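This report concerns only the one structure given below.
Laboratory data are not the source of any read-out in this text; all were calculated from the coordinates shown. Quantities reported herein were computed from a predicted structural model and do not represent experimental measurements. Here Cβ is always computed from backbone atoms with ideal geometry, including for glycine, and neighbour counts include all displayed protein chains.
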Ligand code: DC
């Protein structure tokens, strides 16, 4: 499977920034699978569905009119006609998406949808289980990490930038909790695929990480014509 570049990693590892920039550089489609789980979490909350109710969540996923679009290069998430790109980026949705993503019925539905969305295009797919579960046949797998302090700092700055009144300590403890949930769950836990290249972005700018990825893709793993430089 050569059309999928799989990028996994914990929150704050830089995978969204890098994934978007890489997709732009390669002329590919950016697939933000975290946004998909966030959309499910938002819809579940609005419909009053409990995180324990796997059947109802599965049904919700199958009936969800979810679409990912790019608006002038800015990725947007829609539920029907509604642009939910902002609504899914709250601290509440951070935690609720993590909870909903541990539910089997949700993972099954999202995996099917993600594979469907990746058909036929060059895709940069970003998430927690891209290399291990959704696209195990991809020959281009990357796992981004960064020290917990740096990841928390990035998240803190992001939230400050949105005008939220948060403390660094709160951001760090919420992030720890979410990472623990995501990496210890029974299904598709966050982990690097055995054949993934691990990149520590603690000391690297996003531009450098993209360059590093492109260097590896050029070494012959990615057989597409999109590597311009
Ligand atoms: O990347 P993110 O922070 O937007 O993801 C939100 C949550 O969705 C995250 O806590 C775990 C879950 N997730 C997942 O389980 N599998 C993925 N491929 C992507 C995200």
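Okay, here's what the table says:
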read-out: Three-way shape label, segment 69-215, alpha-carbon gyration tensor, a/c 1.5; value: rounded
read-out: Percentage relative contact order, the chain, counting C-alpha pairs under 8 Å, at least six apart; value: 35
read-out: Inter-site label distance for residue 160 and residue 70 at 7 Å from Cα along Cβ, in nm; value: 3.2
read-out: Global form of segment 64-151, assessed from the alpha-carbon gyration tensor, a/c cut-off 1.5; value: rounded
read-out: Between segment 104-142 and segment 18-37, the Cα center-to-center distance that results, in Å; value: 12
read-out: Structure-based [θ]222 nm, the chain - -39500 (n - 2.57) summed over DSSP H runs of at least 4, per residue, nearest 500; value: -14000 deg cm²/dmol
read-out: Stretchable slack from residue 202 to residue 78, in nm (0.36 nm times residue separation minus alpha-carbon distance); value: 41.4 nm
read-out: Antiparallel bridges, percent of DSSP beta bridges restricted to the chain (to nearest 5); value: 30
read-out: Cα gyration tensor category, rounded, prolate or oblate, for segment 152-224 with a/c compared to 1.5; value: oblate
read-out: Inter-site label distance for residue 173 and residue 112 at 7 Å from Cα along Cβ, in nm; value: 4.1
